[in-house]
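Here is the structure we will look at.
The values are calculated or read from the model by the stated rules, or taken from the named source; none is laboratory data. The model shown is predicted, which means the values in this text are computed figures rather than measured ones. Every residue, glycine as well, gets a Cβ built from its backbone with ideal geometry; the counts of neighbours run over all protein chains shown.
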Amino acid sequence: MLHSGMLGFILVVINVIVSYKGFTNQTFFNGYKFEVDAILKRKDYKRFISSGFLHINWLHLVFNMFSLYVFSDNVELVLGSGMFLLLYFVSLVGGNLLSLFVHRHHGNYSAVGASGAVSGIIFAAIALQPSIGIGLFVVYIPGWLYGIVFVAVSIYGIRSQKNNIGHEAHLGGALVGMLAAIAYWPQVLRYNYTAILLITIPAIIFIYLIITKPNLLLVDNLFVKNNLPYYTIDQKYNAEKKLEANTIDAILDKINRHGINSLSKREKELLENFSKQ
């Protein structure tokens with residue numbers, strides 16, 4: 001039987017191993033990251049889970065794993081190992097589902113990170129133990145305040161699109177984790193409703209805005225210009241096929257005029273790949 005907190009430690013170790021593999025192998029990273037086209041067009045549903053064990057760099061990894069380690073012990077102690085593990089993966093998938101909905105028209109959108117799962121654990125801990133917080137050197141941050149700041153940062157991150165960290169997964173995973181913890185332990189609403197409402201209401205309002213006014217997400221700001229145009233999966237697929245056909249036509253025309261030996265190595269690879277399809 002695992003001791004309390006061991007599951008959190010095991011998840012940290014797995015995240016570090018898989019993330020390091022992604023840091024050193026771009027093919028591995030691309031094959032398992034969250035990507036809209038890969039999920040909607042190729043039905044590669046494993047990415048809902050696998051992307052949660054990849055990170056963009058060491059800072060991203062350390063921040064997520066520190067947060068997981070700090071909050072996991074309390075949640076596992078209250079809910080038990082089985083419910084803790086279920087909460088982790090439900091939050092991970094829930095966060096990625098929100099990302100998929102938000103970016104359903106952005107076929108090339110991709111993201112990585114355990115953010116959804118970690119957020120679920122953090123917000124479950126805030127719901128279950130109102131006195132919980134984080135001590136950083138001489139500064140103590142109450143859990144409820146951390147949650148409010150977390151929601152605000154996630155909302156800004158969704159709108160700014162400054163990197164491929166799954167900011168939507170923060171918000172979706174946080175809500176799923178909190179609601180799951182409350183469903184399992186509903187009595188927390190009697191003594192911790194203030195903190196829960198302070199975190200939940202703005203998150204729900206923002207998700208409502210995502211559903212009713214998605215263009216609010218597509219804004220420019222002082223730091224980055226948004227470059228995610230809306231298009232359907234079919235439009236993206238047709239555009240890719242048209243580009244591929246034009247490229248092959250140009251290669252065949254080159255062969256007709258100058259012979260096959262005139263092709264570059266890249267052109268030969270493209271022609272060979274096309275012939276295999």
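Okay, residues lined up against (1) modelled with pLDDT under 70; (2) out of contact with any Asp or Glu (no Cβ under 6 Å at 6 or more places or on another chain); (3) surrounded by fewer than 13 Cβ atoms within 10 Å (Cβ to Cβ); (4) among the polar types (S, T, N, Q):
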| position | (1), (2), (3), (4) |
| --- | --- |
| VAL176 | no, yes, no, no |
| ALA239 | yes, yes, yes, no |
| ASP253 | no, yes, yes, no |
| GLN277 | yes, yes, yes, yes |
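Please work out if ILE39 is over 30 Å from PRO142 (Cα atoms) and either within 16 Å of the chain's Cα centre (by Cα) or at pLDDT 90 or above (or both).
Taking the combined requirement at face value, the residue satisfies it.
In region 155-174, which residue that is surrounded by 23 or more Cβ atoms within 10 Å (Cβ to Cβ) and part of a helix (DSSP H, G or I) is modelled with the lowest pLDDT?
This residue is HIS167.
What residue, among those in region 89-106 that are of a type in the set (Gly, Ala, Ser) and within 9 Å of the chain's Cα centre (by Cα), is surrounded by the fewest Cβ atoms within 10 Å (Cβ to Cβ)?
Within region 89-106, the match that is surrounded by the fewest Cβ atoms within 10 Å (Cβ to Cβ) is SER99.
Which one is nearest to PHE34 (Cα to Cα), of the residues in region 55-77 that are out of contact with any Gly (no Cβ under 7 Å at 6 or more places or on another chain) and surrounded by fewer than 18 Cβ atoms within 10 Å (Cβ to Cβ)?
Out of the qualifying residues, it is ASN57.
Any idea which residue in region 263-272 is nearest to the chain's Cα centre (by Cα), counting only those that are part of a helix (DSSP H, G or I) and loosely packed, with under 11 Cβ neighbours inside 10 Å?
ARG266
Here are the criteria: (1) surrounded by 18 or more Cβ atoms within 10 Å (Cβ to Cβ); (2) of a type outside the set (D, E, K, R); (3) within 17 Å of TRP185 (Cβ to Cβ). Tell me which single one TYR109 does not satisfy.
Evaluating TYR109 over (1) surrounded by 18 or more Cβ atoms within 10 Å (Cβ to Cβ); (2) of a type outside the set (D, E, K, R); (3) within 17 Å of TRP185 (Cβ to Cβ) leaves (3) as the failure.
Can you find a residue that is among the aliphatic types (A, V, I, L, M), free of Cβ contacts under 8 Å to residues at least 60 places away in the same chain and buried (at least 20 other Cβ atoms within 10 Å of the Cβ) anywhere in region 125-133?
yes
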